[in-house]
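Okay, structure first, notes after.
Just so you know, all these numbers are worked out from the coordinates, no wet-lab data involved. Quick caveat: nothing in here was measured; it's all calculated off a predicted structure. Cβ coordinates were reconstructed from backbone atoms using ideal geometry, including for glycine residues, and neighbour counts include every protein chain displayed.
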Amino acid sequence: MTTPDVRGLEQLERAVLDDAASLATALRQCLMLAGYARHEELRAWALKELEGYAASDELPSYRKVPAALEVVVDLYLPGQIIRDNTQRVSPNQLPQHAQLPVPDRVRRSES
């Protein structure tokens, strides 16, 4: 006979390993198990993953994604037009009035 905790862990394991299962379902199971185990840190993490991180929260490294600044340029040259020329640029290459603080990483606080 297995205890509810063991059954819950087995269900969570199946959900995590099943590509067809939703991540939200696995996180809800994790949240429930963390509550049963009185594991506040795991409960807080699962809740933030489900509901999103507050602006003041430190994000886990997997939630910080590289962000490049790209511009789409149409060039009109003598005898030719080059459309949709996408180029990666540095914020310093933008005109002064367009230079806002642009981070090289962006926060992804929600799924």
The stretch 1-63 - charge dipole about Cα centre, Lys and Arg +1 at Cβ, Asp and Glu -1, debye rounded to 20: 140
Length released on extending from TYR62 to LEU42, taking residue separation times 0.36 nm less the Cα-Cα span: 5.6 nm
With the crude spin-label approximation of a point 7 Å out along Cα→Cβ, what separation in nm comes out for THR25 versus ARG83? 4.6
Sort the following peptides by mean Cβ neighbour count (other Cβ atoms within 10 Å, averaged over residues), highest first: 63-73, 83-93. 63-73, 83-93
